[in-house]
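Just so it is clear, none of the values below were taken in a lab; they were calculated from the coordinates. Model, not experiment: these values are computed from the prediction. When we count neighbours, we look across all protein chains shown, and the Cβ atoms used for this are built from the backbone with ideal geometry, even at glycine.
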Amino acid sequence: FFCWNSGGIPHCFPQFGPGAIQQHGFARNLDWTVGDSENVEGNPVVTLELKDDSYSRAMWDFSFHALYKVVKGLFSSSTAHLFNTTGI
């Protein structure tokens, strides 16, 4: 359904570019789960979810909860990212 890092919309979190952890962060390399799916006015809407775990904490020791919402219309699509972090 989604291609995380081959020409689409990149999920660069918690950093963009090179730094202390893998380039562009780890969010694009992790498995997101389907948090919600619905149909709004005939348009499919999917919300994907990513939460911190032992793998992410080994690289970046902060709590986070990320949501990625996609609305697919007949002639267009829209997306929204929401990243909540605590303890930073």
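Brief remarks on what is shown
- Top-ranked residue of the stretch 52-72 - restricted to ones that are surrounded by 13 or more Cβ atoms within 10 Å (Cβ to Cβ) and hydroxyl-bearing (Ser, Thr, Tyr), ranked as nearest to residue 85 (Cα to Cα): 63
- Any chance residue 49 is among the charged types (D, E, K, R), touching a Phe, Trp or Tyr at 6+ places or on another chain (Cβ under 9 Å) and surrounded by fewer than 16 Cβ atoms within 10 Å (Cβ to Cβ): yes
- Conditions (1) free of Cβ contacts under 8 Å to residues at least 12 places away in the same chain; (2) closer than 19 Å to residue 12 by Cβ; (3) of a type in the set (Phe, Trp, Tyr): number failed by residue 75: (2)
- Taken over the stretch 73-88, residues that are surrounded by 11 or more Cβ atoms within 10 Å (Cβ to Cβ) and part of a loop (DSSP other than H, G, I, E, B) amount to 1.
- Scanning the stretch 23-59 for residues that are over 16 Å from the mean Cα position of the chain (by Cα) and assigned to a loop (DSSP other than H, G, I, E, B) yields 41, 42.
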